[in-house]
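J.: This is the structure, below, for whatever I ask next.
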Amino acid sequence: MIEIQNLHKDFGDLKVLKGVDLSIKPGEVVSILGGSGSGKSTMMRCINGLESITKGKIIVDDFDVSKSNDLREVRKRCSTVFQQFDLYPHLRVIDNITLAPIAVLGQSKEEANDKAMELLNSVALGDRASAYPSQLSGGQKQRIGICRALAMNPSYLLLDEVTSSLDPEMTAEVLDILKILSKQGITMISVTHEIEFAREISDRIVFLDEGRILKDLPKDDFFSESGGKSDPRIARFLSKMGNV
Amino acid sequence: MYGSDGFTIYDIQLWAEGLSVTLSIFLISSFLGLLLGCIVGLVRYYRVPIIGKILMMISEFLKNSPVLVQLFLVYFGVPALIAFDMTPNLAAIITLTGNTTAFIAVIVISSIEAIDFKQLEAARSFALSERLILSKIIFPQSLAIAMPLLVGLAINQLQVTSLISVIGVIDLTRVGDIINQRTFEPFLVWPIIGATYFIMAKSIERIGARLERRFSAYHISNQI
């Protein structure tokens, strides 16, 4: 369970998050939508402690993100897939995936390698295990990013605009993998601009606007005329994103 | 053309001794400078308060003043300040170590800062400790970035060692001077001395290039 309570985040004078309340139950797939500058990515970065919290609280399975003793536990439970992949360029694909499981979870090298190969095969990249990231396409890198996140056996998978740096073809190959994952019971929180994808995988849609949650609705309600679309801000957003 | 003051077999021995003094002072001060420079660089990179500032001031002084002045300061200044029997060789090692440290610190900081910081965030998000991030992610990548700079510095510092002959260290340059004064064969002596430095510098360059290739193996792009 992730509990976000009255979350505020300021960058100097700029108030990016102005009191966000959100709770995510185990097994839920939640998509966070919103225009650029709405605070979506900042909220994600607050969940795993990459940004400090100005005010409010985030609790992940009884661990408080803002307590340094708890942060490690939070991070072990939440794995992030990043927009720019952010793989370690000096490590081979397999070592990118096994670094944290070995160093943080204390897995043996064999155990971690077996798991990594299993994950790589599941994203059809088993043959690239010993390649370096620079030898891979963007879509391949992001599939590795997903494997790296899953190798930690996370309770929560945080997806931070994972297809924003990819062309449509590569976007499709990454989204296909995430669709399969979403059906396997892992809790997913996804910041995305892919409305169709959000509609397909999500249980719930949260719409952020100017640092506040404008709507937090079950998927079907969100996309219905009487639900989310009744809000002019959301209707405008959806039509701009090519979804009528 | 060889008079009674001509070359003797003893000159080869003298040359070898000068070479070994130059090499050992160079290697010792480079090794110590590398070690201290990494520490200073990390202290400054992690913005350790006060110590970071003090070290920065010292290294700015060392980078921006002539090595010869620093050498005089250590050789003549330190014994005047604290009753201490300073030998030329020790003064040479101290000065060159300090000077190398200052330059290494700059290289360390700039090569760490050249790493894409977002992958460090990624590592943090997977609960890796700062120590592990330093050893497994920052160190190997900054080493690859720093390698050409380190090689350049090493070659430069090798040439700088010739200054220590001024305070009486019997290094390669001083040996050249001694032989030249006896033989009056500057066009034979100095090319040989120069060639000796040249060969050492080229060797450093070659070893450096090999290490560089090894450390930056991951930079092969778009090979299928």
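Just so you know, all these numbers are worked out from the coordinates, no wet-lab data involved. Note that the coordinates shown come from a computational prediction; the quantities given were computed from them, not determined experimentally. For neighbour counting, all protein chains shown are included, and Cβ atoms are generated from backbone atoms with ideal geometry for every residue, glycine included.
J.: Classify segment A:1-98 from the C-alpha gyration tensor, please: rounded if a/c falls under 1.5, else prolate or oblate depending on whether a/b exceeds b/c.
T.: It is prolate, given that a/c is not under 1.5 and a/b is the larger ratio.
J.: For segment A:161-222, what class follows from the C-alpha gyration tensor (a ≥ b ≥ c being the square roots of its eigenvalues): rounded when a/c is under 1.5, otherwise prolate if a/b is larger than b/c, else oblate?
T.: oblate
J.: Using 1/(1 + (r/R0)^6) with R0 = 35 angstrom and r between the beta carbons of A:Leu105 and A:Asp231, what's the FRET efficiency to the nearest 0.05?
T.: 0.20
J.: If you don't mind, there's one more thing I want to ask. Starting from 0 in steps of 10 Å, tell me what percent of the Cα-Cα pairs of segment A:2-240 lands in each bin.
T.: Over segment A:2-240, the share of Cα pairs per 10 Å bin runs 8, 31, 35, 20, 5, 0 percent.
J.: Are there chymotrypsin sites (Phe, Trp or Tyr not before Pro) in segment B:161-224 that DSSP puts in a loop and that have at most 13 other Cβ atoms within 10 Å, and which ones?
T.: Taking segment B:161-224 and a limit of 13 other Cβ atoms within 10 Å, the loop chymotrypsin sites (Phe, Trp or Tyr not before Pro) found are B:Phe184.
J.: So which of A:Lys9/A:Lys40; A:Lys40/B:Lys118; A:Lys9/A:Lys240 end up more than 21 Å apart, counting from Cα to Cα?
T.: Checking Cα-Cα distances, A:Lys9/A:Lys240 exceed 21 Å.
J.: Filter the trypsin sites (Lys or Arg not before Pro) in segment A:151-244 to those in DSSP coil with at most 11 other Cβ atoms within 10 Å of their Cβ, and list the result.
T.: Answer in residue order: A:Lys183.
J.: Also: Go ahead and estimate [θ] at 222 nm for chain B from helices alone: -39,500 (n - 2.57) per DSSP H run with n ≥ 4, summed, over the residue count, rounded to 500.
T.: -24000 deg cm²/dmol, from helical runs alone.
J.: What is the magnitude of the charge dipole of the protein assembly as shown about its Cα centre, with +1 placed on the Cβ of each Lys and Arg, -1 on the Cβ of each Asp and Glu, and no other charges, expressed in debye to the nearest 20?
T.: With only Lys, Arg, Asp and Glu charged at Cβ, the dipole is about 380 debye.
J.: Still on this structure, I have one more. Dividing the Cα convex hull volume of segment B:74-196 by residue count, how many Å³ per residue is that?
T.: Residue-normalised Cα hull volume stands at 132 Å³.
J.: Another one. Which whole number in µm²/s is D for the protein assembly as shown by Stokes-Einstein, with the Kirkwood Rh taken over Cα pairs at 10 °C and 1.306 mPa s?
T.: Estimated diffusion coefficient is 60 µm²/s.
J.: Here's something else I'd like to know. Go through segment B:1-80 and name the chymotrypsin sites (Phe, Trp or Tyr not before Pro) that are in a DSSP coil and have 13 or fewer other Cβ atoms within 10 Å of their Cβ.
T.: B:Tyr2, B:Tyr46
J.: Here's something else I'd like to know. Pick out the long, greasy-scoring helices in chain B: whole DSSP H runs spanning 15 Å or more along their own axis by Cα, mean Kyte-Doolittle at least 0.5.
T.: In chain B, the long hydrophobic H runs are B:9-45, B:51-63, B:88-113, B:139-160.
J.: Between B:Ile199 and B:Val69, take the C-beta separation as r, use R0 = 41 Å, and let me know the FRET efficiency to the nearest 0.05.
T.: 0.90
J.: Let me ask something else. What is chain B by shape, rounded, prolate or oblate, if you read a ≥ b ≥ c off the alpha carbon gyration tensor as root eigenvalues and call it rounded for a/c under 1.5, prolate for a/b larger than b/c, and oblate otherwise?
T.: Oblate.
J.: Give, as ranges by residue number, the residues of segment A:29-56 whose backbone N falls under 16 Å from the point 7 Å along Cα→Cβ of A:Glu3.
T.: A:56
J.: Once label points are set 7 Å from the Cα along Cα→Cβ at both A:Met241 and A:Lys183, what is their separation, rounded to one decimal in nm?
T.: Here the modelled spin labels are 2.3 nm apart.
J.: Let me ask something else about it. Can you compute 3J(HN,Hα) from phi for each residue in segment A:125-142, using the Karplus curve 6.51 cos²θ - 1.76 cosθ + 1.60 with θ = phi - 60°, rounded to whole Hz and x for Gly and Pro?
T.: 10, x, 7, 9, 4, 9, 7, 8, x, 5, 8, 10, 6, x, x, 5, 4, 5
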